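For reference, the structure is listed below as structure tokens.
The values are calculated or read from the model by the stated rules, or taken from the named source; none is laboratory data. Just so you know, these numbers come straight off a predicted model, no measurement behind them. Neighbour counts run over all protein chains shown; Cβ positions are idealised from the backbone, glycine included. These area figures cover heavy atoms from the full protein model, side chains too; ligands, DNA and RNA do not enter into them. Shrake-Rupley method; radii C 1.70, N 1.55, O 1.52, S 1.80 Å.
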Amino acid sequence: MDKDIKRNISLTGDIRFTGLKLKEPMHTAAGLLGVTEALRHSFKEMGIAKSMKALLEMNQEDGFRCPSCAWPVPEHPSKIAEYCENGAKALADEATKEHIGADFFAQHSVEELSKLSDYELNKLGRVVEPLVLKPGSIYYEPIAWQEVFELISDELHQLNDPNEAIFYTSGRSSNEAAFIYGMFARAFGTNNMPDCSNMCHESSGVALSETLGIGKGSVTLDDLYGAEVILVVGQNPGTNHPRMLSALEKCKRNGGKIVSINPLAETGLVHFKNPQSVSDMLGSGQAMADIHLPVKINEDIALAKLILKKLVALDAKTHHVLDHEFIVDHVDGYDALLEDLAIYDMESLQRRTGVSMRKIDHVVQLLAKKSKIIVCWAMGLTQHKNAVQCIQEYVNILLLKGSIGKPFAGTCPVRGHSNVQGDRSVGIMHYVNKTLNEKIREHLQFEPPTEPGYDTVKAIEAMHENMAKVFFCLGGNFLMAASDTQYTAEALQNCSLTVQVSTKLNRSHLVTGKTALLLPTFGRSEKDEKNGSLQFLTMESSTGKVRQSKGLLKPASEHIKSEPEIIALLAHTYFRGNHSVDWFAMGQDYNLIRSYIDKVVKGFDNTSERSKGFGYYLPNNVRERNFRMLPNGKAQLTFNTLPDHQLQKDELLLMTIRSHDQFNTTIYGLNDRYRGIHNERRVVFMNQKDMDKRKLQKLDVVNLHSLYDGIKRTAEQFLVIPYDIPKGNMAAYFPETNMLVPYNHFADKSHTPISKSIRVTVEKVT
């Protein structure tokens with residue numbers, strides 16, 4: 001095959017329906033069915049003995065952290081089942097008995113493999129030896145590890161500028177891997193360190209940093225147990241963070257109230273049977289949301305403003321609704337906020353939300369009488385053009401109520417992948433942190449770059465415009481996670497070298513640069529021994545707690561390496577052993593990495609010891625009501641405008657969502673049983689009135705189109721499902737619909753893709 005001929009790779013796999021079985025949506029999450037599904041999947045992938053051994057150690061004191069979401073582990077976890085259905089699936093997925101290596105890839109070309117669906121690719125199994133896809137070839141071949149490091153080093157040395165290399169990080173990585181990776185990128189000479197948070201919670205970090213002085217949430221797990229009111233906004237915990245349901249259940253049993261704010265009434269927030277509770281399993285379980293507000297897509301600012309206006313009006317009568325002492329002492333911008341709210345008319349705001357005034361008043365009455373209030377949110381808030389403002393409007397509510405910096409109250413952005421927050425804490429960032437750079441100079445003794453690097457959006461643009469030539473991916477499935485699939489694919493294919501450190505095969509291993517490396521690494525559950533010593537790693541949860549993780553299973557192959565060792569050996573090879581940092585040593589002893597983290601990264605201290613058992617919390621200024629780094633030394637109220645989507649007459653707003661058999665871009669199965677979908681992913685949920693207007697019937701086949709900047713993008717072949725979703729709104733699964741999201745339309749300030757509010761039209765396929 002000629003080196004200049006492009007490989008014929010499918011970005012979607014062969015598009016076909018898989019036999020939809022449609023049932024009624026479920027009204028109870030977890031329970032016996034959840035346990036059954038978790039064990040069925042585990043036994044099938046790992047076998048019974050291996051499953052039980054691993055499941056009993058997941059999230060335990062001396063065990064390994066769940067490879068799925070970042071929800072914190074309780075101080076006293078269940079001794080037999082501190083995991084959820086999707087955590088069990090994530091474990092089974094990485095510890096599967098199915099393995100693929102050189103023999104498999106010699107028989108199957110990347111062109112052939114690309115015709116498979118994302119689900120089918122994932123089911124092939126663990127990659128168990130390093131592989132190279134050479135220029136012009138369509139077959140991966142085996143390659144020795146030292147050749148891997150020499151190849152990457154040679155490519156990096158040949159670049160004209162360090163900024164022609166991009167180092168991407170997935171949230172599956174440990175603190176140790178992320179730290180050494182970020183330090184190597186800086187030692188190489190670039191801040192081009194995009195990471196998966198750019199595509200999900202970057203908006204949270206920006207919004208919270210501007211208003212409260214830290215880009216993390218302020219609550220601990222125990223705070224949720226004692227909260228009087230918890231607002232769960234733009235989040236589906238029953239599928240994406242199922243262990244959160246047990247925390248919400250404790251809140252309910254302690255007398256707290258749950259308010260769900262979401263276009264869809266998700267099953268986990270309707271009713272829950274806790275698998276860890278015998279009484280729940282034998283009884284009726286727990287009703288969850290006391291109130292559900294089915295807000296229209298991206299009308300959260302209108303809803304929050306309406307709630308604020310009503311709270312202010314009640315306070316004018318009683319003077320006991322808002323926390324005036326807290327506002328005077330700790331909040332800046334109160335009078336200006338009142339002037340801003342006065343501009344808006346209550347009835348107009350209510351019409352925009354699509355929620356009845358009666359339901360909104362019910363929430364207002366709850367908030368008026370309570371002060372121990374927590375706001376939780378996820379990508380339903382973070383992936384809009386005005387995402388930062390959406391989050392800040394909810395922060396306004398907390399600030400007026402004094403629900404910040406005290407027990408059982410505060411902010412709770414619920415992070416996705418298990419260490420996405422930790423990656424950022426230990427230095428994975430595209431911007432410049434002057435304090436961090438000073439510590440690098442002092443303790444690592446090299447000069448870090450002082451110019452900002454590329455975030456995810458800018459990295460894709462740089463590759464597309466041939467301004468970046470080497471793309472290194474530490475975990476993840478970049479192609480299918482990013483927006484604008486076609487554009488992103490073209491960007492990756494422009495590279496001279498793409499490197500993927502992974503456990504399982506995904507489409508990013510097939511849509512590659514001219515040369516591609518597929519480097520197999522350890523799963524979270526696997527035993528990592530170096531020189532006869534069992535190593536452990538650390539992760540940071542959504543609530544800012546750092547804890548150890550120690551694998552116990554035999555590695556999938558003797559030919560795989562850990563992420564810290566891969567990066568360490570690459571750095572050692574690149575610098576030819578001539579650098580101020582002993583990279584090789586760090587790859588052999590993770591205690592050495594942690595000692596550097598303690599010296600270089602703010603808040604980390606004696607991590608090798610303090611991360612044992614319960615772990616330790618990183619400092620959080622909000623918990624101490626310390627806002628001295630902000631203007632006037634106070635928390636900042638913000639003045640946020642209503643969105644203008646400029647919808648054309650035939651356009652609807654589409655939000656991308658996950659199915660229940662899915663975590664991020666990894667597809668475990670073809671069911672979404674909570675929503676009544678079985679054996680199919682190519683579905684679109686629509687309001688019946690929108691269907692009637694377009695003369696659509698249930699199960700009609702449609703194509704979805706988005707039109708931005710004169711460019712028409714299409715996602716083909718979806719079955720129409722009538723569903724309880726606000727008029728004018730639709731929902732469909734990602735990554736199948738990511739191709740509709742334009743790469744150059746993203747949240748102001750955070751650059752997070754607009755995946756939750758895409759303007760689309762619907763075309764019936766005849």
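Taking the range 638-675 as the search range and keeping residues that are within 30 Å of M346 (Cα to Cα) and either more than 27 Å from the chain's Cα centre (by Cα) or among the charged types (D, E, K, R) (or both), which one is surrounded by the fewest Cβ atoms within 10 Å (Cβ to Cβ)?
Looking at residues that are within 30 Å of M346 (Cα to Cα) and either more than 27 Å from the chain's Cα centre (by Cα) or among the charged types (D, E, K, R) (or both), I get K649.
Scan (1) surrounded by fewer than 22 Cβ atoms within 10 Å (Cβ to Cβ); (2) hydrophobic (A, V, I, L, M, F, W, C); (3) over 27 Å from R351 (Cα atoms) for the single condition M244 breaks and write down its number.
Result: M244 fails condition (1) only.
Scan the range 389-417 and report the pairs whose first residue is under 11 Å from G217 (Cα atoms) and whose second residue is modelled with pLDDT under 95, with Cβ atoms within less than 6 Å and a gap of 6+ or a chain change.
Cβ pairs passing all conditions: P413/H201; V414/H241; V414/S542; R415/A70; R415/H201; R415/Q421; R415/S542.
Could you check the range 68-88 and list, in sequence order, the residues that are assigned to a loop (DSSP other than H, G, I, E, B) and of a type in the set (A, V, I, L, M, F, W, C)?
Hits for the range 68-88 are A70, W71, V73, I80, A81, C84.
Inside the range 128-219, counting only helices (runs of 4 or more DSSP H) that do not spill past its ends, which hold 2 or more residues that are of a type in the set (G, A, S)?
The qualifying helices (runs of 4 or more DSSP H) are 175-188, 202-212.
Let me confirm something: among G213, G217, G189, which residue is open to solvent by 10 Å² or more (accessible area, probe 1.4 Å) and either in contact with a strand residue (DSSP E or B) (Cβ under 8 Å, 6 or more places away or on another chain) or closer than 23 Å to I261 by Cα (or both)?
One residue alone meets the criteria, G213.
What tally of residues in the range 626-679 results from selecting those that are touching a strand residue (DSSP E or B) at 6+ places or on another chain (Cβ under 7 Å), within 22 Å of I754 (Cα to Cα) and among the aliphatic types (A, V, I, L, M)?
Count: 6.
Matching residues to (1) open to solvent by less than 10 Å² (accessible area, probe 1.4 Å); (2) closer than 23 Å to R126 by Cβ; (3) not hydrophobic (A, V, I, L, M, F, W, C):
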site	(1), (2), (3)
Q486	no, no, yes
A491	yes, no, no
L497	yes, no, no
Q500	yes, yes, yes
N506	no, yes, yes
L510	yes, yes, no
G513	yes, no, yes
L518	yes, yes, no
T521	yes, yes, yes
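Kindly indicate the residue of the range 388-441 that is open to solvent by 20 Å² or more (accessible area, probe 1.4 Å) and among the polar types (S, T, N, Q) and also farthest from V312 (Cα to Cα) among those meeting that condition.
Looking at the filtered set, the residue picked out is T435.
Which of (1) modelled with pLDDT under 95; (2) not in a loop (DSSP other than H, G, I, E, B) is the odd one out, the single condition P564 does not satisfy?
(1)
If you scan the range 212-229, which residues turn out to be out of contact with any Phe, Trp or Tyr (no Cβ under 9 Å at 6 or more places or on another chain) and farther than 20 Å from C69 by Cα?
I214, V229
Is it the case that the range 357-374 has a residue that's within 21 Å of L224 (Cβ to Cβ), assigned to a strand (DSSP E or B) and not charged (D, E, K, R)?
yes
Would you confirm whether any residue within the range 686-703 is closer than 30 Å to S170 by Cβ and either open to solvent by 10 Å² or more (accessible area, probe 1.4 Å) or in contact (Cβ under 8 Å) with a residue 40 or more places away in the chain (or both)?
Scanning the range 686-703, I find no residue that is closer than 30 Å to S170 by Cβ and either open to solvent by 10 Å² or more (accessible area, probe 1.4 Å) or in contact (Cβ under 8 Å) with a residue 40 or more places away in the chain (or both), so the answer is no.
Is it true that some residue in the range 400-421 is assigned to a helix (DSSP H, G or I), of a type outside the set (A, V, I, L, M, F, W, C), touching a Gly at 6+ places or on another chain (Cβ under 6 Å) and closer than 30 Å to D323 by Cβ?
Within the range 400-421, none of the residues are assigned to a helix (DSSP H, G or I), of a type outside the set (A, V, I, L, M, F, W, C), touching a Gly at 6+ places or on another chain (Cβ under 6 Å) and closer than 30 Å to D323 by Cβ.
Just to confirm my filter: which strands (runs of 3 or more DSSP E) fall fully inside the range 665-743 and include at least 2 residues that are closer than 24 Å to T766 by Cα and modelled with pLDDT under 95?
So the answer is none; nothing clears 2.
State which residue is most open to solvent (accessible area, probe 1.4 Å) when the search covers only the range 94-115 and only residues that are in a helix (DSSP H, G or I) and closer than 23 Å to K44 by Cβ.
The residue in question is F104.
Using the structure shown, decide if H41 is in contact with a strand residue (DSSP E or B) (Cβ under 9 Å, 6 or more places away or on another chain), closer than 17 Å to P242 by Cα and open to solvent by 10 Å² or more (accessible area, probe 1.4 Å).
Considered against the rule, which asks whether it is in contact with a strand residue (DSSP E or B) (Cβ under 9 Å, 6 or more places away or on another chain), closer than 17 Å to P242 by Cα and open to solvent by 10 Å² or more (accessible area, probe 1.4 Å), H41 comes out as no.
Any idea which of I138, I166, I152 is within 30 Å of K554 (Cβ to Cβ), at pLDDT 95 or above and either among the basic types (K, R) or buried (at least 17 other Cβ atoms within 10 Å of the Cβ) (or both)?
So the residue among I138, I166, I152 that is within 30 Å of K554 (Cβ to Cβ), at pLDDT 95 or above and either among the basic types (K, R) or buried (at least 17 other Cβ atoms within 10 Å of the Cβ) (or both) is I152.
Given H330, H319, H384, which one is without any contact (Cβ under 8 Å) to a residue 24 or more places away in the chain and either surrounded by 17 or more Cβ atoms within 10 Å (Cβ to Cβ) or out of contact with any Leu (no Cβ under 9 Å at 6 or more places or on another chain) (or both)?
H319
Here is a yes/no grid of residues against (1) touching a Ser or Thr at 6+ places or on another chain (Cβ under 8 Å); (2) more than 30 Å from S757 (Cβ to Cβ); (3) in a strand (DSSP E or B); (4) not small (G, A, S):
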position: M463; (1), (2), (3), (4): no, no, no, yes
position: Q486; (1), (2), (3), (4): no, no, no, yes
position: L517; (1), (2), (3), (4): yes, yes, yes, yes
position: R524; (1), (2), (3), (4): yes, yes, no, yes
position: T543; (1), (2), (3), (4): yes, no, no, yes
position: V546; (1), (2), (3), (4): yes, yes, yes, yes
